[in-house]
Amino acid sequence: MLIKKPADIRPSEITSKRNYLNRREFIRAGAIAGGSILAASAVPATAVGAVVPEARRAALTDVSSSPFSTDEAPNSYEDITTYNNYYEFGTGKADPFENAQDFEPRPWTITVDGHAERTGAFDFDDFIKPFDLEERIYRMRCVEAWSMVIPWVGFPLAEVVKYFKPTSKAKYVAFETLNDRARMPGQRRRSLEWPYRESLTIAEATNPLTILAVGLYGEVLPNQNGAPIRLVVPWKYGFKGIKGIVRMRFTERRPRTSWNMSQPREYGFYANVNPNVDHPRWSQARERRIGSGLFASKQQTLMFNGYGDQVADLYKGLDLRRNF
Ligand code: MTE
């Protein structure tokens, strides 16, 4: 394994919130700084290189910490970047980190359309410029009965929604992932109908817990976790957290979503973490925290993944057994 030696580099050369997304700067920083980027982050050095190529790593600055964070210990950088679901790069848990290493998340355009006053196609840098970065440490519960705690860096989706000014017709926000089989080898198979799609109600999208993430562990988002930008909705099963977003559309009707399209009996639109409703093929009452060891006992899964105080009101009057 090749690990580059730390070299002197001014943080301003690599880490300004406004310029880190400049691709040349980003590669150059990674190429010449190597370990010094890591030195500026909380990432354990042992995980380097094997997991995310040096040239793709850069720390983010101007990141404030969020009062919404859990105080549970985060999973390791290695856990978070080697055990993934990202079918565009294969269906195995190790496939995304193995197959996404050469993926270039630049240039990147995000199209905003539908029922909003402000719409258009935006370069990624321009898209994120109006928003302030925060670190939010969130529990994540996957529908497959495992969980992790991840220190995301991102900004509230509520701010984004406000910025684009949806009209009164907008009831949902729909998201789509890049659809490019040349760059995403998993799309050459029909494991899902491409592109990957997800959606939230406007109330869910503007709940303060919902974020768009552009980083984790203080660094830019690794490809396997959804670079350059993905959704994080901590009270819902992980599959709602769509990666590699290229389109955001404000709609009046409920949009179709990938897992619901693929297996409607197993995956509903809401996808709220609900230990009281079994998945048709397994119980959802307990979860295994990744990294806790094969023999560690499973822990009880909490309703809304433990975020009930902040989100239960959104579903008042809804039968959560039917609206799963
Ligand atoms: N987004 C896209 N575009 N494609 C996917 O296959 N998988 C989802 C979600 N977002 C997926 C996706 C699922 S099933 C999960 S559990 C989470 O991503 C996993 O996020 P992580 O790998 O960063 O932990």
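Just to be sure, is Arg247 open to solvent by 20 Å² or more (accessible area, probe 1.4 Å) and within 13 Å of the ligand (Cβ to nearest atom)?
yes
Checking the condition free of Cβ contacts under 8 Å to residues at least 24 places away in the same chain, outside any helix (DSSP H, G or I) and loosely packed, with under 14 Cβ neighbours inside 10 Å, which residue from Asp319, Asp313, Asp309 passes?
Asp319
Since Tyr138 meets every condition but one in (1) more than 23 Å from Ala296 (Cβ to Cβ); (2) within 16 Å of the ligand (Cβ to nearest atom); (3) of a type outside the set (A, V, I, L, M, F, W, C); (4) in contact with a Ser or Thr (Cβ under 7 Å, 6 or more places away or on another chain), which condition does it not meet?
Only one criterion is unmet by Tyr138, namely (1).
Which of (1) without any contact (Cβ under 8 Å) to a residue 24 or more places away in the chain; (2) not in a loop (DSSP other than H, G, I, E, B) is the odd one out, the single condition Thr111 does not satisfy?
(1)
Scan (1) more than 16 Å from the ligand (Cβ to nearest atom); (2) outside any loop (DSSP other than H, G, I, E, B) for the single condition Phe97 breaks and write down its number.
(1)
Give Leu60, Leu21, Leu38 a once-over and let me know the one that is open to solvent by less than 50 Å² (accessible area, probe 1.4 Å), at pLDDT 80 or above and on the phi < 0 side of the Ramachandran plot.
It is Leu60.
Select from the stretch 150-209 the residues that are within 13 Å of the ligand (Cβ to nearest atom), among the hydrophobic types (A, V, I, L, M, F, W, C) and assigned to a loop (DSSP other than H, G, I, E, B) and list them in ascending order.
Result: Leu178, Met184, Leu192, Trp194.
Only residues that are open to solvent by 30 Å² or more (accessible area, probe 1.4 Å) and under 20 Å from the mean Cα position of the chain (by Cα): list them for the stretch 257-287, please.
Trp259, Asn260, listed by residue number.
I'm trying to understand the selection: among the residues of the stretch 138-193, which are among the hydroxyl-bearing types (Ser, Thr, Tyr) and buried (at least 20 other Cβ atoms within 10 Å of the Cβ)?
Residues satisfying the conditions are Tyr138, Ser147, Tyr172, Thr177.
Taking Arg106 as meeting all but one of (1) surrounded by fewer than 21 Cβ atoms within 10 Å (Cβ to Cβ); (2) in a strand (DSSP E or B), write down the number of the exception.
If we test Arg106 against (1) surrounded by fewer than 21 Cβ atoms within 10 Å (Cβ to Cβ); (2) in a strand (DSSP E or B), just (2) comes out false.
The values are calculated or read from the model by the stated rules, or taken from the named source; none is laboratory data. Here the structure is a predicted model, which is why all the values come from computation and not from measurement. Note: ideal-geometry Cβ built from the backbone for every residue, glycine included; neighbour counts use all protein chains shown. Accessible surface areas use protein heavy atoms only, side chains included; no ligands, DNA or RNA. Shrake-Rupley method; radii C 1.70, N 1.55, O 1.52, S 1.80 Å.
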